[in-house]
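A short reminder: the numbers here are calculations on the coordinates, not readings from a lab. Please read these numbers as outputs of a predicted model, since none were measured by experiment. Cβ placement follows ideal geometry from the backbone for every residue including glycine, while neighbour counts extend to all protein chains displayed.
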Amino acid sequence: MGTYLILLGLLSICSLSFSQVPLECNRELLQDVDFPGTDIIFLPSPDADHCQQLCTQHSSCQFFTFSRADWTRDNTYFRCYLKSSPSGQPDARTALQGVTSGFSLKPCNPDPQPCLSQVYQNVEFPGADYRSFFTADHEECQRACTQDPACQFFTFVNELFTPEKFRFKCQLKFSLAIPRTPVVERKAGIISGFSLETQTTQNTACLGKIFPSTAIPENHIQTLPAASPEHCQTLCSAHPLCTYFTYVSTNLSCHMKNNPNEMVTKKKEGVTSGIPARFCELDASWLKVAHKDIDFPGSDIRFELEDDADTCQKTCTEDRFCQFYSFDTENLFGLDRRRCYLKSVITMPAPPKVTKQANVVSGFTLKNC
C-alpha cells in the first residue's frame, strides 16, 4: 500500500509539472529585452501583441521574444520566437535592440478568440489568398474581410503602389480557424477524441453529403491528418477553396480538392469522399466518437490521471484550453488510473509569412471585436 501511494504521488507531481506555466498573470511587454535560448519554434507575426497571443494559444509556450520591424542585424524581423523552460521563466534576460519580449497570457484567463484590431502600414501578409477585388481604402477591405466567413486577414494595395494596375486591390486571406490535429497515427492501446466544446460559426444545422467507397482523384490542393471522414469534412468546410474532399482510411489522410466546375468520382474501397457544408453547422455527433487505437501525438498541454476514455473526454471538454485528447489505456505500474493527455493548437489568425512592403496595408478580421 505504501509503494502504491508513493507511485501515485510521483505521478501526480508529473501531471502538475508536465507543462508548467507561470502562476501569475504578467501582461508586461519588455522593449529591447531578449530572452535568449529555450526556443520551441518561431512563427511569422506582425507585432509583439500578436506574438503574445500566439504564445498564449501554443500548448507549450510560456514566454517569447519578437523581432520588430526595426531589427537590423539581418532580415529575420517579424519573427515570434516561442519559448519554455522547466521553471516557467526565462533562463536569462539581455539587452537587445529591435526585439520585444513577454509572457504567455494563459494565467490571465484570456479570450480564446482575441480581437486583433491593429492595422499595419507597409507590411504585407504574402500567400493564403482565396479571393481578391478592388476597394476604395484599407478600411473597406477590412470590412469585407470581417463580413466574409472565411477571411482571417487581408492585405490592401494603396494608391501609391507600383505597378499602378494593382492599386486599390484588396486580397482576402485565410488560415484554418478550427482545431486541427497536426498528426494522426495508429497506435495500439491509445484512444483519442475531441472536446465537445469545439467551436463552429454557423447556427443552421445540416447533415452534409458523404460518398462511401468513392474517390475523387483530381484537383488536389492540400492534405491534412484526420481521424475520420466526418473530421475531414469539417476541415474541408473550413477551407474556402475546398469544393470537395477524399478521405483515405489506410493512412488517416484528408485530401482537400478544388474544382467548382465539375466533380469526377470513381468507386474505390477504403476511401470516402464528400462535399463540404457552407453557411450551416455540420452535425457534431462525430465529436463524441472515441477513436480506438488512434493517437494524436504532440500538442500536449498536460496530462491527468483518469479512470477511462469517457472521463478523459469530459476533462478535455471542461478545460477551456483543451481541443482534443489522447488516452493511454496502459495500466502504468499496476495503478488503476491511466494517463489522459490534453492537447491544443493555435486557432487564431496566423499569416504564413509577414514581410515589409511599401504602400500596402495589412490587418485582421474584426469578427471577434
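Miscellaneous remarks
- Fully extended contour minus Cα-Cα distance, from ASN258 to ASN122, at 0.36 nm per residue: 45.7 nm
- Here the dipole of the chain is about 760 debye; that uses its Cα centre as origin and unit charges on the Cβ of Lys and Arg (positive) and Asp and Glu (negative).
- Rounded Å value of the spacing that divides the Cα centres of the range 164-231 and the range 33-52: 27 Å
- The range 145-225: C-alpha pair distances exceeding 14 Å, %: 81 percent
- Net +/- balance of residues flanking ALA69 in space, Cβ distance below 10 Å, scoring K and R +1, D and E -1: 0
- Summarising the amide proton neighbourhood of ASP283: residues at separation of 5 or more, or on other chains, whose placed amide H is nearer than 5 Å comprise CYS206.
- Leading residue at positive end of dipole, the chain (Cβ point charges), from LEU366, LEU235, CYS80: LEU235
- Ranking ILE301, ASN261, SER326 by Cα position along the charge dipole of the range 224-329, where only Lys, Arg, Asp and Glu carry charges on their C-beta atoms, puts ASN261 farthest toward the positive end.
- Descending semi-axes in Å of the range 18-108, equivalent ellipsoid built from Cα gyration tensor: 20, 13, 12
- Amide H contacts under 5 Å for GLN357, placed H, 5+ residues apart: VAL123, GLU124
- Förster radius 22 Å - calculated FRET efficiency between ALA136 and LEU160 (Cβ-Cβ, nearest 0.05): 0.90
- Under Karplus coefficients 6.51, -1.76 and 1.60, residue-wise ³J(HN,Hα) of the range 165-182 in Hz, glycine/proline x: 5, 9, 5, 6, 7, 10, 10, 8, 9, 9, 9, 4, 9, 10, x, 9, 6, x
- Neighbours of THR94, meaning other residues whose beta-carbon lies under 12 angstrom from its beta-carbon, give a summed charge of -2 when Lys and Arg score +1 and Asp and Glu score -1.
- With 21 Å as the limit, the listed pairs LYS106/LYS343; LYS288/LYS343; LYS169/LYS353; LYS106/LYS173; LYS266/LYS292; LYS343/LYS367 have LYS106/LYS173; LYS266/LYS292; LYS343/LYS367 beyond it between alpha carbons.
- Within the shell of other residues whose beta carbon sits under 15 angstrom from the beta carbon of GLU230, the net charge comes to +1, with Lys and Arg scored +1 and Asp and Glu -1.
- Sorted peptide list for 138-150, 285-297, criterion being average Cβ within 10 angstrom, highest first: 138-150, 285-297
- Value of relative contact order over the chain, rounded to a whole percent, pairs C-alpha under 8 Å and six or more apart: 24 percent
- Judged by the ratio a/c of the largest to the smallest principal axis of the C-alpha gyration tensor, the range 85-214 counts as oblate, that ratio being 1.5 or greater while a/b is no larger than b/c.
- Alpha carbon Rg of the range 185-343, scaled by the compact-globule rule 2.2 N^0.38 Å: 1.12
- Near-label residues of the range 253-287 by backbone N, under 16 Å of a point 7 Å along Cα→Cβ of GLU218: 257-267
- Neighbour counting of Cβ atoms within 10 Å sorts the residues ASP111, ASP319, fewest neighbours leading, into ASP111, ASP319.
- Entry for log10 I(q)/I(0) by the Debye sum over Cα atoms at q = 0.07, 0.11, 0.12, 0.15 Å⁻¹ (calculated from the structure that is shown) out of (1) -0.28, -0.71, -0.85, -1.36; (2) -0.30, -0.79, -0.96, -1.56; (3) -0.36, -0.87, -1.01, -1.36: (3)
- DSSP-defined beta bridges in the chain - what % are antiparallel, rounded to 5: 95 percent
- J(HN,Hα) series, the range 63-80, from Karplus relation 6.51 cos²θ - 1.76 cosθ + 1.60, nearest Hz, glycine and proline x: 7, 8, 10, 10, 8, 7, 5, 8, 5, 10, 5, 7, 9, 8, 6, 6, 10, 10
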